[in-house]
Amino acid sequence: MQLLNTLYVTTPESYVHLDNETLRVEVDKETRLRVPLHHLSAVVCFGHVSVSLPLMHKLADSGISLVLLDTHGRFKARLEGPVSGNVLLRQAQHRLAGDPAFALNVARNCIAGKLRNCRQVLLRGAREAKTPDDATILARGADDLAAALRGLPKAGDADALRGIEGEAARQYFAALNALIRASARESFRMDGRSRRPPRDRINALLSFVYSLLMNDCRSAVEASGLDPQIGFLHAVRPGRAALALDLMEEFRAFADRLVLSLINRGQIGADDFVEREGGAVLLEGDARKTVLVAYQERKQENLAHPLLSESVPLGLLPHIQARLLARTLRGDATEYLPYLVR
């Protein structure tokens with residue numbers, strides 16, 4: 001199944017190599033897993049994992065991507081075979097990325113999707129809040145995001161859009177503490193968003209899930225024949241998948257809800273993290289597996305897509321949205337419409 005054919009290798013010092021037409025994972029020379037290659041579309045390795053050169057060649061020949069993430073879950077590299085995207089589509093993408101009006105409209109809609117979906121997280125939390133104080137904090141945060149949404153049409157350039165998004169994100173994360181169950185707030189209190197490295201437990205958890213989401217969005221962009229490096233909202237930088245980051249914005253609320261569920265259900269606790277020198281907080285190995293299982297299960301949940309008039313698995317939404325963006329770039333649609341949570 002498309003949503004379940006990604007292999008995540010999280011055990012430190014694992015050795016992943018080729019065994020005929022099978023991928024084998026060994027730890028301390030003991031075989032832990034064998035997977036036929038035809039069952040895979042991607043292999044994702046976290047931290048100190050060794051991959052044999054013959055396996056790299058075989059993955060490239062088979063069209064299976066190899067993704068390397070560091071111990072924080074941050075993207076490091078991606079190995080793929082020859083790119084087979086539509087050159088005319090990529091030409092259109094490169095040309096329109098340089099069109100200020102077109103780029104601004106796509107960027108505005110990406111941010112609008114993000115703010116609208118994040119606002120739904122706060123509104124739902126306000127309805128289900130256990131105390132009046134929490135309900136007030138969440139309702140106020142939702143009002144702040146509504147004000148930011150009203151301000152988007154007035155933004156005349158990308159920098160103004162990013163300014164609105166940055167302030168809205170600050171207000172959103174300030175309200176997020178009220179969505180954590182009272183007994184876990186001391187351990188998972190969030191004092192703003194921090195990354196590279198994350199400075200507290202909830203930021204470490206968010207960064208880890210965002211890395212998974214980013215990998216899915218990049219795969220969706222590339223599967224649609226688009227260039228992941230050329231975006232409309234995020235600035236172009238060497239090694240940065242700007243378009244994948246653009247696409248990811250409207251789905252961040254899904255990652256946030258998963259993180260909150262893991263904490264509030266007690267699936268992830270304070271003891272599942274370790275603090276490194278310099279204040280960096282990391283998710284421990286066994287807890288990563290818990291998150292990965294929950295992430296894959298969440299991707300199988302069906303959601304209604306308004307433009308398709310049918311329900312689709314959440315894990316396919318980035319692929320659908322990437323194809324809708326491709327239609328816009330080809331001129332088959334007037335503008336890119338983000339996915340909005342009902």
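The values are calculated or read from the model by the stated rules, or taken from the named source; none is laboratory data. Given the structure is predicted, the values throughout are model-derived calculations rather than measurements. All Cβ positions, even for glycine, are placed from backbone atoms using ideal geometry, and neighbour counts span all protein chains on display. Keep in mind that these areas ignore ligands, DNA and RNA; they rest on the heavy atoms of the full protein, side chains included. Shrake-Rupley method; radii C 1.70, N 1.55, O 1.52, S 1.80 Å.
Tabulated data
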item: Residue in the range 269-284 that is touching a helix residue (DSSP H, G or I) at 6+ places or on another chain (Cβ under 6 Å) and within 18 Å of T6 (Cβ to Cβ) present; result: no
item: Top-ranked residue in the range 284-330 [being among the small types (G, A, S) and in contact (Cβ under 8 Å) with a residue 60 or more places away in the chain; ranked as most open to solvent (accessible area, probe 1.4 Å)]; result: G285
item: Within the range 198-215, considering residues that are open to solvent by less than 40 Å² (accessible area, probe 1.4 Å) and in contact with a Gly (Cβ under 7 Å, 6 or more places away or on another chain), the one nearest to R170 (Cα to Cα); result: S207
item: Any hit, the range 70-83, residues being in contact (Cβ under 8 Å) with a residue 60 or more places away in the chain, over 30 Å from R257 (Cβ atoms) and either aromatic (F, W, Y) or touching a Leu at 6+ places or on another chain (Cβ under 6 Å) (or both); result: no
item: Failed item, numbered, when A235 is tested on (1) of a type in the set (G, A, S); (2) over 22 Å from N177 (Cβ atoms); (3) open to solvent by less than 30 Å² (accessible area, probe 1.4 Å); result: (3)
item: Any hit, the range 130-153, residues being outside any helix (DSSP H, G or I) and more than 20 Å from V341 (Cα to Cα); result: yes
item: Filter result (within 24 Å of the chain's Cα centre (by Cα) and closer than 14 Å to V25 by Cα) within the range 41-65; result: V43, V44, C45, F46, H48, V49
item: Residue match in the range 240-250 (condition: free of Cβ contacts under 8 Å to residues at least 60 places away in the same chain, closer than 27 Å to Q93 by Cα and open to solvent by 10 Å² or more (accessible area, probe 1.4 Å)); result: yes
item: Qualifying residue in the range 187-196 (condition: among the acidic types (D, E) and either assigned to a loop (DSSP other than H, G, I, E, B) or over 15 Å from A322 (Cβ atoms) (or both)); result: yes
item: Output for the range 251-281, where each listed residue is in contact with a Phe, Trp or Tyr (Cβ under 8 Å, 6 or more places away or on another chain), aliphatic (A, V, I, L, M) and touching a residue at least 60 places away in the same chain (Cβ under 8 Å); result: I263, A270, V281
item: Hey, C110 in contact with a Phe, Trp or Tyr (Cβ under 9 Å, 6 or more places away or on another chain), within 30 Å of L145 (Cβ to Cβ) and open to solvent by less than 40 Å² (accessible area, probe 1.4 Å) or not; result: yes
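Residue-wise test of (1) more than 19 Å from I111 (Cα to Cα); (2) touching a His at 6+ places or on another chain (Cβ under 8 Å); (3) not in a loop (DSSP other than H, G, I, E, B).
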{"residue": "L226", "(1), (2), (3)": "yes, no, no"}
{"residue": "V236", "(1), (2), (3)": "no, no, no"}
{"residue": "L245", "(1), (2), (3)": "no, yes, yes"}
{"residue": "L262", "(1), (2), (3)": "yes, no, yes"}
